[in-house]
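To start, the structure under review is shown below, and the notes come after it.
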Amino acid sequence: MNTGTLILATAALILISGCAPLPPIPPESAAVQQCLVCRNKRDFSCLTVEKTPATPHARYGGRDYWFCSENCRCEFEKRPDQFSSKP
Ligand SMILES: [Zn+2]
């Protein structure tokens, strides 16, 4: 990676994090949760998920996690420690 690319990447990172800061993870009891897989990917379009019987859901480390899709749930179950740890 050359210096120009590095500067560009850094600027993009600042721009992304500056424009869209990650909202705090809601408490487990909240009706609206975050898809931690999308949070990890900074994919804000489907970050927020409602807790409904149809929502993909997994239990790990004594707490429940909710996901925007079955894909995200599968990804979480492959590496749950990567997503459940606090950023
Ligand atoms: Zn997701």
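The values are calculated or read from the model by the stated rules, or taken from the named source; none is laboratory data. Fair warning: this is a prediction, and the values are worked out from it, not measured in the lab. Note that each Cβ is placed from the backbone with ideal geometry, even for glycine, and that neighbours are counted across all protein chains shown.
Computed quantities for the displayed model
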{"item": "Filtered residue count, segment 46-64, keeping only those that are within 11 Å of the ligand (Cβ to nearest atom), at pLDDT below 95 and touching a helix residue (DSSP H, G or I) at 6+ places or on another chain (Cβ under 8 Å)", "result": "2"}
{"item": "Selection status of PHE76, within 14 Å of the ligand (Cβ to nearest atom), hydrophobic (A, V, I, L, M, F, W, C) and in contact with a Cys (Cβ under 8 Å, 6 or more places away or on another chain)", "result": "no"}
{"item": "Single match in SER69, SER84, SER29 (criterion: surrounded by fewer than 16 Cβ atoms within 10 Å (Cβ to Cβ) and within 11 Å of the ligand (Cβ to nearest atom))", "result": "SER69"}
{"item": "Residue in segment 33-41 that is under 9 Å from the mean Cα position of the chain (by Cα), of a type outside the set (Phe, Trp, Tyr), within 10 Å of the ligand (Cβ to nearest atom) and surrounded by fewer than 15 Cβ atoms within 10 Å (Cβ to Cβ) present", "result": "yes"}
